[in-house]
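Q: Before I ask anything, let me first share the structure, which is written out below as C-alpha coordinates.
The values are calculated or read from the model by the stated rules, or taken from the named source; none is laboratory data. In this text, all values refer to a predicted model and were calculated from it rather than measured experimentally. Quick reminder, even Gly has a Cβ in these numbers, built from the backbone with ideal geometry, and neighbours come from all protein chains shown. When the accessible area is computed, the model is the full protein with side chains, heavy atoms only, and any ligands, DNA or RNA have been set aside. Shrake-Rupley method; radii C 1.70, N 1.55, O 1.52, S 1.80 Å.
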Amino acid sequence: MKKTVLITGASRGIGRAAAEVFAKEGYDVAVNYNSSAKAAEDLCRELEKYSVKALPFQADIADKKAVEKMAAKIEAAMGAVSVLLTNAGIAEQALFTDITEEMWDRMFAVNVKGAYNCTQAVLPKMIQEKYGRIINISSMWGIAGASCEVHYSAAKSALIGFTKALAKEVGLSGITVNCVAPGVIETDMNGHLSPEIIAELKEETPLNRIGTTSDVAETVLFLASEKASFITGQTISVDGGFIL
Ligand code: NAP
(Lines give C-alpha, C1' and ligand atoms only; values in the text may rest on other atoms or scores of the structure.)
Protein backbone atom coordinates (compact mmCIF):
# COMPACT_ATOMS: atom_id res chain seq x y z
CA MET A 1 0.00 0.00 0.00
CA LYS A 2 1.33 3.44 -0.95
CA LYS A 3 1.69 5.62 2.13
CA THR A 4 1.54 9.39 2.35
CA VAL A 5 3.29 11.42 5.03
CA LEU A 6 2.48 15.04 5.80
CA ILE A 7 5.47 16.81 7.31
CA THR A 8 4.93 20.30 8.67
CA GLY A 9 7.91 22.65 8.39
CA ALA A 10 9.66 20.44 5.86
CA SER A 11 11.41 23.23 3.98
CA ARG A 12 14.39 23.28 6.35
CA GLY A 13 16.12 21.54 9.24
CA ILE A 14 14.64 18.44 10.88
CA GLY A 15 11.52 18.44 8.69
CA ARG A 16 13.59 18.48 5.54
CA ALA A 17 15.72 15.55 6.76
CA ALA A 18 12.53 13.66 7.63
CA ALA A 19 11.16 14.27 4.11
CA GLU A 20 14.32 12.72 2.71
CA VAL A 21 14.20 9.54 4.85
CA PHE A 22 10.47 8.99 4.25
CA ALA A 23 10.89 9.44 0.48
CA LYS A 24 13.83 7.03 0.49
CA GLU A 25 11.54 4.52 2.23
CA GLY A 26 8.96 4.89 -0.58
CA TYR A 27 6.46 7.28 1.05
CA ASP A 28 4.78 10.04 -0.94
CA VAL A 29 5.63 13.27 0.87
CA ALA A 30 3.48 16.36 1.41
CA VAL A 31 6.00 19.10 2.15
CA ASN A 32 4.41 21.86 4.24
CA TYR A 33 6.15 25.21 4.63
CA ASN A 34 5.22 28.71 5.71
CA SER A 35 7.43 31.17 3.84
CA SER A 36 10.30 29.20 2.23
CA ALA A 37 8.55 28.39 -1.06
CA LYS A 38 11.70 27.97 -3.10
CA ALA A 39 13.35 25.65 -0.57
CA ALA A 40 10.17 23.52 -0.46
CA GLU A 41 9.93 23.34 -4.26
CA ASP A 42 13.64 22.49 -4.63
CA LEU A 43 13.27 19.74 -2.02
CA CYS A 44 10.29 18.22 -3.86
CA ARG A 45 12.28 18.14 -7.09
CA GLU A 46 15.17 16.45 -5.25
CA LEU A 47 12.87 13.79 -3.80
CA GLU A 48 11.75 12.73 -7.29
CA LYS A 49 14.92 10.64 -7.50
CA TYR A 50 13.23 8.19 -5.12
CA SER A 51 10.33 7.71 -7.59
CA VAL A 52 7.77 9.02 -5.12
CA LYS A 53 5.32 11.88 -5.29
CA ALA A 54 6.54 14.95 -3.37
CA LEU A 55 4.56 18.18 -3.48
CA PRO A 56 4.89 21.50 -1.65
CA PHE A 57 1.95 22.91 0.33
CA GLN A 58 2.00 26.38 1.86
CA ALA A 59 0.12 26.97 5.13
CA ASP A 60 0.77 28.77 8.38
CA ILE A 61 -0.06 25.85 10.65
CA ALA A 62 -1.33 28.25 13.31
CA ASP A 63 -4.22 29.12 10.97
CA LYS A 64 -6.96 26.46 11.20
CA LYS A 65 -8.71 27.42 7.95
CA ALA A 66 -5.42 27.42 6.04
CA VAL A 67 -4.59 23.97 7.43
CA GLU A 68 -8.04 22.62 6.48
CA LYS A 69 -7.59 23.91 2.92
CA MET A 70 -4.09 22.41 2.75
CA ALA A 71 -5.33 19.03 3.99
CA ALA A 72 -8.06 18.99 1.32
CA LYS A 73 -5.50 19.79 -1.40
CA ILE A 74 -3.17 17.06 -0.12
CA GLU A 75 -5.95 14.47 -0.11
CA ALA A 76 -6.98 15.41 -3.65
CA ALA A 77 -3.41 15.25 -4.96
CA MET A 78 -1.90 12.42 -2.92
CA GLY A 79 -4.68 10.48 -1.18
CA ALA A 80 -5.27 10.11 2.56
CA VAL A 81 -2.46 11.02 4.94
CA SER A 82 -1.37 7.91 6.86
CA VAL A 83 1.52 9.53 8.76
CA LEU A 84 1.45 13.03 10.25
CA LEU A 85 4.69 14.57 11.48
CA THR A 86 3.98 17.83 13.31
CA ASN A 87 7.46 19.25 13.20
CA ALA A 88 7.05 22.95 12.35
CA GLY A 89 7.95 25.08 15.30
CA ILE A 90 9.40 28.34 16.46
CA ALA A 91 11.76 29.06 19.36
CA GLU A 92 12.77 32.26 21.06
CA GLN A 93 14.87 33.30 24.03
CA ALA A 94 13.64 35.96 26.44
CA LEU A 95 13.52 36.61 30.16
CA PHE A 96 10.13 35.55 31.47
CA THR A 97 9.36 39.15 32.49
CA ASP A 98 10.01 40.27 28.88
CA ILE A 99 7.66 37.73 27.28
CA THR A 100 4.77 39.78 25.93
CA GLU A 101 1.27 38.40 25.49
CA GLU A 102 1.85 38.48 21.73
CA MET A 103 5.07 36.42 22.02
CA TRP A 104 3.33 33.94 24.34
CA ASP A 105 0.33 33.55 22.02
CA ARG A 106 2.42 33.09 18.86
CA MET A 107 4.61 30.47 20.57
CA PHE A 108 1.52 28.43 21.48
CA ALA A 109 -0.24 29.14 18.18
CA VAL A 110 2.54 27.60 16.11
CA ASN A 111 3.89 24.89 18.42
CA VAL A 112 0.68 23.67 20.08
CA LYS A 113 -2.32 24.91 18.12
CA GLY A 114 -0.42 23.96 14.95
CA ALA A 115 -0.38 20.34 16.12
CA TYR A 116 -4.08 20.57 17.05
CA ASN A 117 -4.98 22.05 13.65
CA CYS A 118 -3.04 19.49 11.63
CA THR A 119 -4.20 16.52 13.69
CA GLN A 120 -7.85 17.59 13.46
CA ALA A 121 -7.50 17.88 9.71
CA VAL A 122 -6.17 14.35 9.13
CA LEU A 123 -7.47 12.28 12.07
CA PRO A 124 -11.05 11.61 10.82
CA LYS A 125 -9.67 9.83 7.74
CA MET A 126 -7.18 7.86 9.86
CA ILE A 127 -10.04 6.73 12.10
CA GLN A 128 -12.03 5.71 9.03
CA GLU A 129 -9.02 3.78 7.67
CA LYS A 130 -8.33 2.29 11.14
CA TYR A 131 -4.67 3.15 10.64
CA GLY A 132 -2.46 6.11 11.37
CA ARG A 133 0.78 7.33 12.82
CA ILE A 134 1.04 10.73 14.47
CA ILE A 135 4.45 11.95 15.59
CA ASN A 136 4.92 15.28 17.35
CA ILE A 137 8.26 17.03 17.69
CA SER A 138 8.66 18.31 21.23
CA SER A 139 12.06 19.22 22.73
CA MET A 140 14.28 18.23 25.63
CA TRP A 141 13.28 21.61 27.07
CA GLY A 142 9.68 20.40 27.15
CA ILE A 143 10.89 17.70 29.57
CA ALA A 144 13.48 19.63 31.58
CA GLY A 145 12.52 23.31 31.19
CA ALA A 146 14.94 25.93 29.90
CA SER A 147 15.76 29.20 31.60
CA CYS A 148 14.84 32.18 29.37
CA GLU A 149 12.57 29.92 27.30
CA VAL A 150 9.51 29.55 29.53
CA HIS A 151 7.02 29.96 26.68
CA TYR A 152 8.94 27.51 24.44
CA SER A 153 9.36 24.97 27.27
CA ALA A 154 5.69 25.24 28.24
CA ALA A 155 4.55 24.79 24.62
CA LYS A 156 6.82 21.78 24.11
CA SER A 157 5.58 20.26 27.41
CA ALA A 158 2.03 20.72 26.19
CA LEU A 159 2.83 18.55 23.18
CA ILE A 160 3.88 15.72 25.48
CA GLY A 161 0.51 15.89 27.29
CA PHE A 162 -1.28 16.13 23.93
CA THR A 163 0.54 13.00 22.75
CA LYS A 164 -0.32 10.90 25.83
CA ALA A 165 -3.97 11.92 25.91
CA LEU A 166 -4.60 11.42 22.19
CA ALA A 167 -2.76 8.08 22.25
CA LYS A 168 -5.29 6.82 24.82
CA GLU A 169 -8.21 8.10 22.78
CA VAL A 170 -7.32 6.69 19.35
CA GLY A 171 -5.50 3.46 20.15
CA LEU A 172 -8.58 1.37 19.41
CA SER A 173 -8.66 2.91 15.93
CA GLY A 174 -5.24 1.48 15.11
CA ILE A 175 -3.53 4.85 15.45
CA THR A 176 -0.33 5.44 17.42
CA VAL A 177 0.67 8.86 18.72
CA ASN A 178 4.21 9.51 19.84
CA CYS A 179 6.56 12.36 20.54
CA VAL A 180 10.24 12.90 19.80
CA ALA A 181 12.20 15.22 22.08
CA PRO A 182 15.38 16.37 20.33
CA GLY A 183 18.35 17.84 22.13
CA VAL A 184 20.63 20.40 20.48
CA ILE A 185 20.41 19.73 16.74
CA GLU A 186 22.40 21.51 14.07
CA THR A 187 19.77 23.62 12.25
CA ASP A 188 18.92 27.28 11.55
CA MET A 189 17.07 27.30 14.89
CA ASN A 190 20.45 27.20 16.66
CA GLY A 191 22.15 29.50 14.15
CA HIS A 192 22.31 32.28 16.76
CA LEU A 193 24.46 30.20 19.14
CA SER A 194 28.16 31.13 19.22
CA PRO A 195 30.84 28.45 18.62
CA GLU A 196 31.75 28.77 22.34
CA ILE A 197 28.17 28.01 23.44
CA ILE A 198 27.97 25.09 21.00
CA ALA A 199 31.26 23.74 22.42
CA GLU A 200 29.86 24.01 25.97
CA LEU A 201 26.64 22.24 24.98
CA LYS A 202 28.66 19.48 23.33
CA GLU A 203 30.73 19.06 26.47
CA GLU A 204 27.57 18.78 28.59
CA THR A 205 26.28 16.00 26.31
CA PRO A 206 27.31 12.47 27.40
CA LEU A 207 27.76 11.42 23.75
CA ASN A 208 29.96 14.51 23.27
CA ARG A 209 28.44 15.87 20.11
CA ILE A 210 25.63 18.01 18.76
CA GLY A 211 22.78 16.10 17.12
CA THR A 212 22.15 15.93 13.40
CA THR A 213 18.83 16.29 11.62
CA SER A 214 19.27 12.70 10.50
CA ASP A 215 19.45 11.50 14.16
CA VAL A 216 15.92 12.85 14.64
CA ALA A 217 14.59 11.90 11.20
CA GLU A 218 15.58 8.23 11.58
CA THR A 219 13.82 8.02 14.96
CA VAL A 220 10.67 9.49 13.45
CA LEU A 221 10.83 7.00 10.57
CA PHE A 222 11.12 4.16 13.07
CA LEU A 223 8.07 5.39 15.00
CA ALA A 224 6.12 5.48 11.73
CA SER A 225 7.14 1.93 10.81
CA GLU A 226 5.54 -1.42 11.59
CA LYS A 227 8.51 -2.12 13.90
CA ALA A 228 7.02 0.48 16.29
CA SER A 229 3.45 -0.80 16.11
CA PHE A 230 3.29 -1.49 19.90
CA ILE A 231 4.66 1.90 20.91
CA THR A 232 2.22 4.70 21.68
CA GLY A 233 1.97 7.71 23.97
CA GLN A 234 5.74 7.81 24.38
CA THR A 235 8.27 10.60 24.27
CA ILE A 236 11.56 9.41 22.80
CA SER A 237 14.56 11.60 23.59
CA VAL A 238 17.12 12.08 20.83
CA ASP A 239 19.54 14.22 22.78
CA GLY A 240 22.79 12.28 23.21
CA GLY A 241 21.91 11.77 26.89
CA PHE A 242 21.72 15.51 27.69
CA ILE A 243 18.64 15.07 29.88
CA LEU A 244 19.07 12.07 32.16
P1 NAP B 1 14.13 25.34 11.66
O2 NAP B 1 15.37 24.90 10.98
O3 NAP B 1 14.03 26.72 12.21
O4 NAP B 1 12.91 25.08 10.65
C5 NAP B 1 11.62 25.37 11.07
C6 NAP B 1 10.64 24.84 10.04
O7 NAP B 1 9.31 25.09 10.53
C8 NAP B 1 10.75 25.54 8.70
O9 NAP B 1 10.49 24.61 7.68
C10 NAP B 1 9.64 26.59 8.76
O11 NAP B 1 9.08 26.92 7.51
C12 NAP B 1 8.59 25.84 9.57
N13 NAP B 1 7.65 26.73 10.22
C14 NAP B 1 7.87 27.65 11.19
N15 NAP B 1 6.73 28.27 11.52
C16 NAP B 1 5.76 27.73 10.73
C17 NAP B 1 4.37 27.95 10.60
N18 NAP B 1 3.75 28.86 11.33
N19 NAP B 1 3.69 27.22 9.68
C20 NAP B 1 4.31 26.30 8.92
N21 NAP B 1 5.64 26.05 9.00
C22 NAP B 1 6.34 26.77 9.89
O23 NAP B 1 13.77 24.39 12.88
P24 NAP B 1 14.31 22.94 13.29
O25 NAP B 1 15.49 23.13 14.15
O26 NAP B 1 14.35 22.03 12.13
O27 NAP B 1 13.12 22.50 14.27
C28 NAP B 1 12.07 21.65 13.89
C29 NAP B 1 11.30 21.26 15.14
O30 NAP B 1 12.18 20.63 16.07
C31 NAP B 1 10.69 22.44 15.87
O32 NAP B 1 9.42 22.08 16.37
C33 NAP B 1 11.65 22.68 17.02
O34 NAP B 1 11.04 23.31 18.11
C35 NAP B 1 12.09 21.26 17.32
N36 NAP B 1 13.38 21.18 18.01
C37 NAP B 1 14.52 21.64 17.43
C38 NAP B 1 15.72 21.54 18.12
C39 NAP B 1 17.01 22.04 17.55
O40 NAP B 1 18.01 22.04 18.30
N41 NAP B 1 17.09 22.43 16.31
C42 NAP B 1 15.74 20.97 19.39
C43 NAP B 1 14.56 20.51 19.95
C44 NAP B 1 13.37 20.61 19.24
P45 NAP B 1 9.62 28.18 6.63
O46 NAP B 1 10.99 27.75 6.16
O47 NAP B 1 8.66 28.30 5.52
O48 NAP B 1 9.67 29.33 7.57
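Q: For region 197-212, give me each residue that is surrounded by 12 or more Cβ atoms within 10 Å (Cβ to Cβ), of a type in the set (S, T, N, Q) and more than 11 Å from the ligand (Cβ to nearest atom).
A: 205
Q: Just checking, which of 214, 153 is assigned to a helix (DSSP H, G or I), of a type in the set (Ser, Thr, Tyr) and farther than 19 Å from residue 90 by Cβ?
A: On the way: 153 fails: farther than 19 Å from residue 90 by Cβ.
Every option except 214 fails the conditions.
Q: Do we have any residue at all in region 159-169 that's over 23 Å from residue 215 (Cα atoms), within 15 Å of the ligand (Cβ to nearest atom), without any contact (Cβ under 8 Å) to a residue 60 or more places away in the chain and out of contact with any Cys (no Cβ under 6 Å at 6 or more places or on another chain)?
A: Yes, some residue in region 159-169 is over 23 Å from residue 215 (Cα atoms), within 15 Å of the ligand (Cβ to nearest atom), without any contact (Cβ under 8 Å) to a residue 60 or more places away in the chain and out of contact with any Cys (no Cβ under 6 Å at 6 or more places or on another chain).
Q: Quick check on my filter: what residues within region 88-108 are part of a loop (DSSP other than H, G, I, E, B), within 23 Å of the chain's Cα centre (by Cα) and farther than 15 Å from residue 153 by Cβ?
A: Matches in region 88-108: 88 only.
Q: Scan region 68-117 residue by residue and report those that are in contact with a Ser or Thr (Cβ under 8 Å, 6 or more places away or on another chain) and over 24 Å from residue 220 (Cα atoms).
A: Of everything in region 68-117, nothing turns out to be in contact with a Ser or Thr (Cβ under 8 Å, 6 or more places away or on another chain) and over 24 Å from residue 220 (Cα atoms).
Q: So, one more: If residue 32 satisfies every condition in (1) open to solvent by less than 80 Å² (accessible area, probe 1.4 Å); (2) in a helix (DSSP H, G or I) but one, which is the exception?
A: Of the numbered conditions (1) open to solvent by less than 80 Å² (accessible area, probe 1.4 Å); (2) in a helix (DSSP H, G or I), the odd one out for residue 32 is (2).
Q: Looking at (1) open to solvent by less than 40 Å² (accessible area, probe 1.4 Å); (2) farther than 24 Å from residue 79 by Cβ; (3) in contact with a Ser or Thr (Cβ under 6 Å, 6 or more places away or on another chain), which one does residue 141 not meet, given that it meets all the others?
A: Answer for residue 141: the failing condition is (1).
Q: Out of 181, 167, which single residue is buried (at least 17 other Cβ atoms within 10 Å of the Cβ), within 18 Å of the chain's Cα centre (by Cα) and part of a helix (DSSP H, G or I)?
A: Details: 181 fails: part of a helix (DSSP H, G or I).
Among 181, 167, only 167 is buried (at least 17 other Cβ atoms within 10 Å of the Cβ), within 18 Å of the chain's Cα centre (by Cα) and part of a helix (DSSP H, G or I).
Q: Across region 105-132, what is the total count of residues that are over 22 Å from residue 12 (Cα atoms) and surrounded by 17 or more Cβ atoms within 10 Å (Cβ to Cβ)?
A: Keep residues of region 105-132 that are over 22 Å from residue 12 (Cα atoms), which gives 105, 120-132.
The next check asks that each one be surrounded by 17 or more Cβ atoms within 10 Å (Cβ to Cβ); those that pass are 121-123, 126, 131-132.
Residues in region 105-132 being over 22 Å from residue 12 (Cα atoms) and surrounded by 17 or more Cβ atoms within 10 Å (Cβ to Cβ): 6 in total.
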